[in-house]
Number of protein chains: 2
Amino acid sequence: MSLHFGIIGAGNGGHAFAAYLGMKEVEVNWFDIDPKVVEVINDQGGVYVDGQLNGFAPVRNATTDMKELIDSSDVLMVVAPANAHRIIARNCAPYLKDDQIVILNPGSTGGALEFHQELKKSGCSAEIILAETQSLLFACRLKKAGHVSIFGVKRYLPFATFPSNKIESVYELLSPVFPEFRKGENVLEISLGNVNAILHPAPSLFNLPQVEKQIPFLHYWEGITGGISILLDKMDEERLEIGKAYQLSLPSTKDLLRSFYGVEGDTMEELVQNNQAYKTITGANSFSSRYFTEDIPMGLIPMQELARAANVPTPTIDAIIQLSSSIFKDDFKSSARTLDRLGLSQMTLHEILQYVEHGEAQKIINNQ
Amino acid sequence: MSLHFGIIGAGNGGHAFAAYLGMKEVEVNWFDIDPKVVEVINDQGGVYVDGQLNGFAPVRNATTDMKELIDSSDVLMVVAPANAHRIIARNCAPYLKDDQIVILNPGSTGGALEFHQELKKSGCSAEIILAETQSLLFACRLKKAGHVSIFGVKRYLPFATFPSNKIESVYELLSPVFPEFRKGENVLEISLGNVNAILHPAPSLFNLPQVEKQIPFLHYWEGITGGISILLDKMDEERLEIGKAYQLSLPSTKDLLRSFYGVEGDTMEELVQNNQAYKTITGANSFSSRYFTEDIPMGLIPMQELARAANVPTPTIDAIIQLSSSIFKDDFKSSARTLDRLGLSQMTLHEILQYVEHGEAQKIINNQ
């Protein structure tokens, strides 16, 4: 059986998935809200790609009609900013059917759990399987609608399903298409592995005058000096402690930098400064940068919330959130992934662990 | 009767006081730990001054001997970084006599209270009167030992005594020499009026890469952008709330900028950017800048401690302290002015108010 893929979102990442899948002769259907982009793709009959992949990748059909997309897809690849996951869930809810797979690429922190809640609230009762990846599979940039550059494909990428007891079947289906995918423990591991939450907001805050005056700076190479790297280490230690509370042995951000990029160094500062892949990555240049608007409410705050549920103190992460809230005149409470938004409020740590493994089934058992 | 003044400290401020007093033909004795500076002053017989004051100001005697200074002085002007107050108190303790006046110029936050505690611990039982000013009377810079430039003398400067019921007698004695001095309510008002705690550490943190790379920047004009000014407003609101809890109606930092410098503007950003006096003030250029090492442990932390004693939440101030502690790998607990160091631990808010008004006498009454 060959899988039919449906991609939701035609930004950088969506284009890269279309190219990657099309070049593998996998059937690709595609949804975007922008009719102009949809038209370009249908006119071309696919996407052009250069860089690590080169050529033309066919796309069966692009559409602005979510029902049409979902009806023609076995696996839905959501490739959108985490802030959009909730509205996408609402838009998908009426059309999803049993056994469809929905993968958030990536989930940021709490993506699959929030998506599930939103489906439930929207009255979706289909028995789908949700999944989230730890980051985007590609380093890529959109040149224009219908043309993407792929600079790199990650050698491996952890992902997990919700509930996690579905991982084997999903892995079996997907690994022929995505040999990079590696089975994670559960969505908590993947969500707490979202190191963008560590690496993006704090350095952006500590370079705020540059950000506000739109003075370009290299996020890593110029923006992360010794003091900031000490702070990032503290935040990361807190993240690892949250993981421990949930029985997860998470790799440190420093270890991830070592294994992802092969860089050497002892301190965060050394690892960041020695990483050639960071050579051209520029910092935030406004308050609406995703380094703030995505990585705080969809990264740091759900980490803080998971910490609270497990009684793990996170003073440094708390302080970054507090200062951001002050500066943004927004406590992010209306937008952020709180325990309530993740469907975890009122649960004990044990119940959360059971829930991520078994899903709603476990809730029913608990309530009996 | 003419007062004999003893100045402790021969930095920028100490030199300015020597010049100011000497030019008024007030008798000046002077202490510094550095024998070279003491020698220069004694050789010259005084200090040269230029700027707003111009000429030569005689100094009766400079010495490295604290006993000699104290024995020849009625009023001791302590002009040193707040971090040095404790050791100065220890050094003064054996020699102080009843009715001597010790003024901390300025006290930062909690200066007089800490000085008193340190005298007590050192076994000093003399009935002295302590006082603290809200900031340094002068804008000044030392050109070299024995020569100072005074750019400006504040039109008025709030000060208070500890205990505050001594203010009238001290004011009567000092106002002929310092017509700028204005009577404050008590040392809490003066201590909470230390707006350096608001204006210095946070902008330094938010410009950390500049600080660490020693890239010169203007602390106010370049370092305080819109987002940071919003944050400073939040911190300032918290400071005012602490004041309210202690029955004080403190002026906001914005109002102080308006009244001290005559600048106009609605927001903190406007007031800072419109203030010509800030034109040349450069930012911190290392972790050992007083903007961190003095204004956090001797400013923000005692404010936070006073807030705790009064059950006032200070989330923004707390976050700045937390991040500084992480970055400095130091919780400042060994150096900072905690309630314990201020002699206020275990006291109710009412007891604190009684104590700052009546001093130890009140403690004895309480304990009876």
Subject >> Selection count, segment A:292-337, where residues are among the β-branched types (Val, Ile, Thr), in contact with a Pro (Cβ under 9 Å, 6 or more places away or on another chain) and at the interface with chain B (Cβ under 8 Å from one of its Cβ atoms) >> reply: 1
Subject >> Candidate set: segment A:135-179, residues that are more than 16 Å from the chain's Cα centre (by Cα) and of a type in the set (D, E, K, R); chosen: the one most open to solvent (accessible area, probe 1.4 Å) >> reply: A:ARG155
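To keep it simple, each residue is scored yes or no on (1) under 19 Å from the mean Cα position of the chain (by Cα); (2) under 23 Å from B:ILE320 (Cα atoms).
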site: A:ILE301; (1), (2): yes, yes
site: A:ALA319; (1), (2): no, yes
site: A:PHE328; (1), (2): no, yes
site: A:LEU339; (1), (2): yes, no
site: A:GLY343; (1), (2): yes, no
Subject >> Complete set of residues in segment B:197-229 that are more than 7 Å from chain A (Cβ to nearest Cβ), more than 17 Å from A:SER326 (Cα to Cα) and more than 23 Å from the chain's Cα centre (by Cα) >> reply: B:GLN210, B:VAL211, B:GLN214, B:ILE215, B:PRO216, B:PHE217, B:TRP221
**OP:** Find the residue count for segment B:252-263, including only residues that are part of a helix (DSSP H, G or I) and either open to solvent by 10 Å² or more (accessible area, probe 1.4 Å) or within 11 Å of another protein chain (Cβ to nearest Cβ) (or both).
**Re:** 7
**OP:** State which residue is nearest to the other protein chains (Cβ to nearest Cβ) when the search covers only segment A:233-251 and only residues that are within 20 Å of the chain's Cα centre (by Cα) and of a type in the set (A, V, I, L, M, F, W, C).
**Re:** A:MET235
Subject >> Hey, A:ASN194 more than 10 Å from chain B (Cβ to nearest Cβ), at negative phi and part of a helix (DSSP H, G or I) or not >> reply: no
**OP:** Would you please list the contacts, defined by Cβ atoms under 8 Å and residues six or more apart or on different chains, that run from a residue in segment A:67-83 that is over 16 Å from A:GLY107 (Cα atoms) to a residue that is of a type in the set (Lys, Arg) and in a loop (DSSP other than H, G, I, E, B)?
**Re:** A:ILE70/A:LYS97; A:SER72/A:ARG60
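Can A:PRO209 be described as open to solvent by 10 Å² or more (accessible area, probe 1.4 Å), over 17 Å from A:VAL102 (Cα atoms) and without any contact (Cβ under 8 Å) to a residue 12 or more places away in the chain? Steps first, answer last, please.
On the way: open to solvent by 10 Å² or more (accessible area, probe 1.4 Å): no; over 17 Å from A:VAL102 (Cα atoms): yes; without any contact (Cβ under 8 Å) to a residue 12 or more places away in the chain: yes.
It is false that A:PRO209 is open to solvent by 10 Å² or more (accessible area, probe 1.4 Å), over 17 Å from A:VAL102 (Cα atoms) and without any contact (Cβ under 8 Å) to a residue 12 or more places away in the chain.
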Original post:
Restricting attention to segment B:212-247, and to residues there that are open to solvent by 10 Å² or more (accessible area, probe 1.4 Å) and of a type in the set (A, V, I, L, M, F, W, C), which single residue is farthest from B:ASN186 (Cα to Cα)?
Top reply: B:ILE215
Original post:
How about segment A:290-364: which helices (runs of 4 or more DSSP H) wholly inside it have at least 2 residues that are open to solvent by 10 Å² or more (accessible area, probe 1.4 Å) and under 21 Å from A:ASP233 (Cβ atoms)?
Top reply: A:315-328
Original post:
With respect to A:ASP266, is the statement that it is assigned to a helix (DSSP H, G or I) and either more than 30 Å from A:GLU25 (Cα to Cα) or open to solvent by 60 Å² or more (accessible area, probe 1.4 Å) (or both) true?
Top reply: no
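The values are calculated or read from the model by the stated rules, or taken from the named source; none is laboratory data. Everything quoted here is computed from the prediction, not taken from an experiment. Please note: Cβ atoms are built from the backbone with ideal geometry, for glycine as well, and neighbour counts cover all protein chains shown. What goes into the accessible areas is simple: the full protein's heavy atoms, side chains included, and nothing from ligands, DNA or RNA. Shrake-Rupley method; radii C 1.70, N 1.55, O 1.52, S 1.80 Å.
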